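Take a look at the structure below.
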Amino acid sequence: MELSVTQFVTLDGVYQAPGGPEEDPSGGFTHGGWSAPYGDDAFGEFMVSVFDQVDAFLLGRRTYEIFASYWPLHNDPANPIAAKLNSLPKYVATSTLDHADWSSTELLQGDLAKEVTELKARPGRELQVHGSGKLAQSLLALGLVDTLNLLTFPVILGSGLRFFVDGAQPTGLTLAETHSTSTGVVISSYRKAGAPTYGDLGAE
């Protein structure tokens, strides 16, 4: 399977608590729910297209707990997102959870690089990470991400957890697709392209 990461960020790179005020108030964050006003048909169609490619999910602990408290209660088989999340295998990278009640969930508590490499070696289309910012940062640093779907929302918050932080692994990417929604969300899909390349704009 290929590994894809789908991440919501603000223009200043914040990924913290896009879905609601109570999602993640850590660090005194008061801007939770910043993505909610920007949903439209194009946004929904893109998310459905992503879920059309999934055969398993890889989640961080916090995102797992948010999803597990919501999606089992909204298990509509006609909903392409709910149906996939509730039925497909889910792997949670955690050092703190000791059990998982959501069906088809397995905890990953060993070496992240080794465990994810083994998951990627299994047959299937995509192993997908949604949200799970710290996990996604680790996977990028390990060079395990094949596709990065970055949804950039037209809002600046000035505080909160940033997705691209100082010390991030230098990584080259190729833009595979981009478009914007009616509400101004820029949806860009990138493929990994090895290490960055450099030049000199002052050279002749």
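Per residue, the average separation of C-alpha pairs within less than 8 Å and at least 6 apart gives the chain a relative contact order of 31 percent.
Pull out a ≥ b ≥ c, the square roots of the eigenvalues of the alpha-carbon gyration tensor of the chain, then state rounded if a/c is under 1.5, prolate if not and a/b is larger than b/c, and oblate in the remaining case. The shape class here is rounded.
The antiparallel fraction among DSSP beta bridges confined to region 37-195 stands at about 55%. Secondary-structure-derived ellipticity at 222 nm for the chain, considering helices only, amounts to -6500 deg cm²/dmol, per-run term -39500 (n - 2.57) for DSSP H runs with n ≥ 4.
Read-outs: derived from the displayed coordinates by stated rules, not from any lab. Just so it is clear, the model here is predicted, and its values are computed rather than measured.
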